[in-house]
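Chemist: Pasting a structure below so you can have a look.
The values are calculated or read from the model by the stated rules, or taken from the named source; none is laboratory data. From a predicted model like this one, the values you see are computed outputs, not experimental measurements. Glycine also receives a Cβ, built like all others from the backbone with ideal geometry; neighbour counts cover every protein chain displayed. What goes into the accessible areas is simple: the full protein's heavy atoms, side chains included, and nothing from ligands, DNA or RNA. Shrake-Rupley method; radii C 1.70, N 1.55, O 1.52, S 1.80 Å.
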Amino acid sequence: MDGRFVDWDDAKIHVLTHALHYATAVFEGIRCYSTDRGPAVFRLKDHVNRLFNSAKIYTMKIPYAMEELCKAVKDTIKVNKIKECYIRPIVYYAYGEMGLNPLKNPVSVAIAVWPWGSYLGEEGLKKGVRCKISSWVRVDTRILPPLAKSSANYLNSVLAKLEAINCGYDEAILLNMNGYVAEGPGENIFIVKDEVLITPPRSSGVLYGFTMDSVMELARGFSIQVEEREIIRDEVLLADEAFFTGTAAELTPIREVDGRIIGSGSIGPITEKLQEKFFQVVRGKDPKYVDWLDFV
Ligand code: PMP
């Protein structure tokens, strides 16, 4: 926290922290995987760069250099002697003055790491999750910037998640203001139709995910055709395969959407191929993609 190692139980902040009241925080979600060469952080520089871009959109000045934060992430893993973990860097307007102008408050930075298994469950990872198209619309660039990973955006996500769970589903799929498919509450979405892999572009109002970016690269490596284009709901319902990607969700198949079975109702062949390759890559088992790993 702010340049010091702090014991888990002492990692506390004041109740009048600006970000707690007004969601004036940007953050990241990163994973570290165990490899034969020790723990390795997946696409660390890209994630830290996205953190700086999120801060830039909100004109927050991060009081550290990018290289310092990359090193701090690795040092935090080291001192915790942890092999595999989730990493949560957060930059937030701290305690100072209340009111909507945040500029008089100091900008604080904290990095937490903890072991975190599959986000949508082991069963979900293997066989797929059941999804509901949300009645909540994904945050629009005219309201809150989707490309910034800000705490504020996640209230929209929380509403969608709660609705999905309350209706007996595992996860939500959000459409954007124009009715096109955007993403999950914390995941990008892909569909497969006639062996073409399709995902919505930035202009659909999605967070540009590095799991998504990696999966597109892996697909090209298999000579699978990849398209970034707008998707309508109907295409999801009629997809041969569908899956989510995200740091937390990794590569999770979607087996049902609003009562319609997707493909075979389990993990599809292209999804399985990409998931298998993804886990090989993050665990350092494919030298072709070793540049994505930052060894601790
Ligand atoms: N969209 C949203 C809304 C997310 O929260 C996430 C997770 N960070 C993603 C997409 C996927 O991004 P990434 O693969 O970089 O984790």
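Chemist: Taking the stated definitions as given, is Phe42 within 13 Å of the ligand (Cβ to nearest atom) and among the aromatic types (Phe, Trp, Tyr)?
Modeler: On the way: within 13 Å of the ligand (Cβ to nearest atom): yes; among the aromatic types (Phe, Trp, Tyr): yes.
When the stated conditions are applied, Phe42 passes them.
Chemist: Quickly run through region 126-181 and pick out the residues that are free of Cβ contacts under 8 Å to residues at least 40 places away in the same chain, in contact with a strand residue (DSSP E or B) (Cβ under 6 Å, 6 or more places away or on another chain), outside any loop (DSSP other than H, G, I, E, B) and over 30 Å from His18 (Cβ atoms).
Modeler: Of everything in region 126-181, just one residue is free of Cβ contacts under 8 Å to residues at least 40 places away in the same chain, in contact with a strand residue (DSSP E or B) (Cβ under 6 Å, 6 or more places away or on another chain), outside any loop (DSSP other than H, G, I, E, B) and over 30 Å from His18 (Cβ atoms), namely Ala164.
Chemist: Something else now. In region 26-49, is there at least one residue being surrounded by fewer than 18 Cβ atoms within 10 Å (Cβ to Cβ), within 22 Å of Pro115 (Cβ to Cβ) and charged (D, E, K, R)?
Modeler: yes
Chemist: Exactly one condition in (1) open to solvent by less than 10 Å² (accessible area, probe 1.4 Å); (2) near the ligand (Cβ under 9 Å from one of its atoms); (3) of a type outside the set (Val, Ile, Thr); (4) touching a residue at least 40 places away in the same chain (Cβ under 8 Å) is not met by Met212; state its number.
Modeler: Checking Met212 against (1) open to solvent by less than 10 Å² (accessible area, probe 1.4 Å); (2) near the ligand (Cβ under 9 Å from one of its atoms); (3) of a type outside the set (Val, Ile, Thr); (4) touching a residue at least 40 places away in the same chain (Cβ under 8 Å), the one that fails is (4).
Chemist: Among the residues that make up region 223-238, is at least one of them of a type in the set (Asp, Glu), part of a helix (DSSP H, G or I) and open to solvent by 40 Å² or more (accessible area, probe 1.4 Å)?
Modeler: Start the filter on region 223-238 by keeping residues that are of a type in the set (Asp, Glu), which leaves 227-228, 230, 234-235.
If we keep only those that are part of a helix (DSSP H, G or I) as well, we get 234-235.
Restricting the remaining residues to those that are open to solvent by 40 Å² or more (accessible area, probe 1.4 Å) gives 234-235.
Yes, the conditions are met somewhere in region 223-238.
Chemist: For Thr141, all conditions in the list (1) of a type in the set (S, T, N, Q); (2) closer than 30 Å to Phe42 by Cα; (3) open to solvent by less than 50 Å² (accessible area, probe 1.4 Å) hold save one; what is the number of the exception?
Modeler: Thr141 satisfies every listed condition except (3).
Chemist: Looking at (1) within 12 Å of the ligand (Cβ to nearest atom); (2) within 27 Å of Leu100 (Cβ to Cβ), can you tell me which one Met177 breaks?
Modeler: Just one mismatch for Met177, condition (1).
Chemist: Related question: Return yes or no: is Phe244 out of contact with any Ser or Thr (no Cβ under 8 Å at 6 or more places or on another chain), aromatic (Phe, Trp, Tyr) and at pLDDT 95 or above?
Modeler: Numbers: out of contact with any Ser or Thr (no Cβ under 8 Å at 6 or more places or on another chain): no; aromatic (Phe, Trp, Tyr): yes; at pLDDT 95 or above: yes.
The answer is no for Phe244.
Chemist: Check off (1) in a loop (DSSP other than H, G, I, E, B); (2) within 16 Å of the ligand (Cβ to nearest atom) for Glu217 and give me the number that stays unchecked.
Modeler: For Glu217, the failing item is (1).
Chemist: Going by the conditions given, is Val181 over 21 Å from Arg130 (Cβ atoms) and either in contact with a helix residue (DSSP H, G or I) (Cβ under 6 Å, 6 or more places away or on another chain) or modelled with pLDDT of 95 or more (or both)? It would help to see each step written out before you state the result.
Modeler: On the way: over 21 Å from Arg130 (Cβ atoms): no; either in contact with a helix residue (DSSP H, G or I) (Cβ under 6 Å, 6 or more places away or on another chain) or modelled with pLDDT of 95 or more (or both): yes.
No: the conditions fail for Val181.
Chemist: Any chance region 106-113 includes a residue that's in contact (Cβ under 8 Å) with a residue 12 or more places away in the chain, buried (at least 22 other Cβ atoms within 10 Å of the Cβ) and in contact with an Asp or Glu (Cβ under 6 Å, 6 or more places away or on another chain)?
Modeler: No, region 106-113 has no match at all.
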